[in-house]
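> Before I ask anything, let me first share the structure, which is written out below as structure tokens.
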Amino acid sequence: MAPHRHWLWGGVAVLAALAALAWAFWPRPVEVEVAPITRGVFESTVEEDCKTHLSERYTLSTPVTAALERTSLREGDTVRRGDVVARLQAVDAALLDPRSHAEALARQRSASVGVNRAQTQLNQATLALADAWRELQRTHHLAEQGFVADARLDSARLAVSAARNALDVAGADKDMAIQEQALASAALQSPRPANAKQWVLMRAPVDGVVLRLAQTDAVTVTAGTALLELGDLAHMEVLCELLTSDAARTPPGSVAHIDYGSPQRVQGLRAAVRLVEPAGFTKVSALGVEEQRVRVHLDVVAVDASADRAESPDAWRRLGEGFRVGVRISLHRVEHAVLVPVGALVPQGDAMAVYVLDGRRVRLQPIAVGERNANVAWVQDGLQPGQSVVLYPPTQLVSGQKVQVRAP
């Protein structure tokens, strides 16, 4: 009996080991997360962070080099067309050090001597013209009596013309000397008193608000220096920098939804694409990737009724210029579309497929996808509402495999 018991217990142990091995290597259900197929509205969109922008802004610059008076304006102040926004005053000449003053005084004295010299030359030219004129008269009288030749009379006439030209040159030299004397004297003039100076007034070209003040203190500015920027908030728009691939699918007139405010209380507006600029540019993303983008201009047209908080269409302009807003441009909209989460899509060559839950197993179902956005895809064929598909299927999942649905 003892040997038989030994073999009996040995057989039991072998069977137990085989059962343990079978249990260890038996395929177990894969734990998956599923989502239902629904029917609803599909909307293909382009989403981008954009900013508010004034389509008409004005930069006021100084027309001449002048002293700027301190201004009382501040950013955000409202101005009316024609209001004085800056006052400019002529700049005084630089103060002369003793050496420069002595040089200027010497130039003035030299210019005064030049005037006297020019006057002397003018007097000499006047006397020479009078003498030539008297000689012409004597020669003409003798020529009538036949005592001198005609050539002598012609020479006298030429002498009068030459003397007249010399008088004109002497007069011009005197005028030049007088101007040089005035120029030398101007360098020695003392600055004019403040009440004798002329003011240049710069006025607002439009009704609007002060966007930026480049200068607030009393300083000397050169011609062309920007002083302030004005803008009319009634001409506020939204400016987006879209990828050129997205802009190519965004024709003018496309409807857009604009969200602004805190994430807890989003305020929304409806807008329309007004212009897609014809020229793009290269922009480096935050990841250091060069992207081709193009500017797209949107006009706000109404309040978005689906927003968490609706206000008047003009209330959003209190944001000002250059504020960040979220923009969602609608490219394509389909009513009563069959929708599947994009996380359930599995590439199958050039097509797409999903794992459909069939009882306790899954099967790979090819589908025809029309379009997709960031969340869902529009299924044109292959699925029906009410079915469940596997979200983010694991790599080891195959068609026909038993699965276990993970509790939400």
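The numbers here are math on the coordinates, done by the rules we state, and not lab data. Since the structure is predicted, the reported quantities are computational estimates derived from the model, not experimental observations. Cβ: placed from backbone, ideal geometry, glycine included. Neighbour counts: every protein chain shown.
> Give a quick list of GluC sites (Glu not before Pro) in segment 67-152 that DSSP marks as loop, anything other than H, G, I, E or B, with at most 13 other Cβ atoms within 10 Å. Show your work: numbers first, answer last.
On the way: sites: Glu69, Glu75, Glu103, Glu135, Glu144; in loops: Glu69, Glu75.
Sites meeting the loop and neighbour criteria: Glu75.
> Between Gln215 and Glu75, what is the label-point separation in nm under the 7 Å Cα-to-beta-carbon projection?
According to this spin-label approximation, the distance is 1.9 nm.
> Between Ala353 and residues 5 or more places away or on another chain, which pairs have amide H atoms under 5 Å apart, with H built 1.01 Å from N, and which residues are they?
Amide H neighbours of Ala353, under 5 Å, 5+ apart: Val346, Gln348, Ile367.
> Something else now. At a Förster radius of 22 Å, what calculated FRET efficiency corresponds to the Cβ-Cβ distance of Glu56 and Leu243, to the nearest 0.05?
Values: r = 27 Å, r/R0 = 1.25.
With R0 = 22 Å, the Cβ-Cβ based efficiency is 0.20.
> Tell me, in nm to one decimal, what length is gained between Ser185 and Phe281 on full extension, where the rule is 0.36 nm per residue of separation less the Cα-Cα distance? Before the final figure, lay out the partial values.
Working: separation 96, 0.36 × 96 = 34.56 nm, distance 5.76 nm.
Here the answer is 28.8 nm.
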